[in-house]
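Single-structure report; data block below.
The values are calculated or read from the model by the stated rules, or taken from the named source; none is laboratory data. Because the structure is a prediction, the values reported are computed rather than measured. Cβ atoms come from the backbone with ideal geometry, glycine included; neighbour counts cover every protein chain shown.
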């Protein structure tokens with residue numbers, strides 16, 4: 001499952017410094033969040049898609065590691081990103 005080009009560019013412009021800032025931690029976490037949401041909906045619809053479930057678990061692990069890194073490096077950016085993405089309740 002790939003993201004639409006419009007979604008990717010909107011996320012990059014929202015969380016990055018400019019339109020080519022794809023290496024920023026916030027941008028990568030936001031893109032992973034969007035992909036995880038789409039893949040979660042796919043796995044709800046197709047329960048026997050084991051490769052899709054495995055891909056989802058890989059993305060969740062990557063997402064968790066990126067969030068852990070951002071929390072360790074810059075706590076204030078981590079808190080603002082969590083609030084903006086609505087990840088923690």
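Which members of the stretch 6-20 meet the condition of being without any contact (Cβ under 8 Å) to a residue 12 or more places away in the chain and within 15 Å of the chain's Cα centre (by Cα)?
If the condition is that a residue be without any contact (Cβ under 8 Å) to a residue 12 or more places away in the chain and within 15 Å of the chain's Cα centre (by Cα), then 9, 10, 13, 16 are the ones that fit.
Could you tell me whether the stretch 52-65 includes any residue that is at pLDDT 95 or above, surrounded by 14 or more Cβ atoms within 10 Å (Cβ to Cβ) and under 16 Å from residue 86 (Cβ atoms)?
Yes, some residue in the stretch 52-65 is at pLDDT 95 or above, surrounded by 14 or more Cβ atoms within 10 Å (Cβ to Cβ) and under 16 Å from residue 86 (Cβ atoms).
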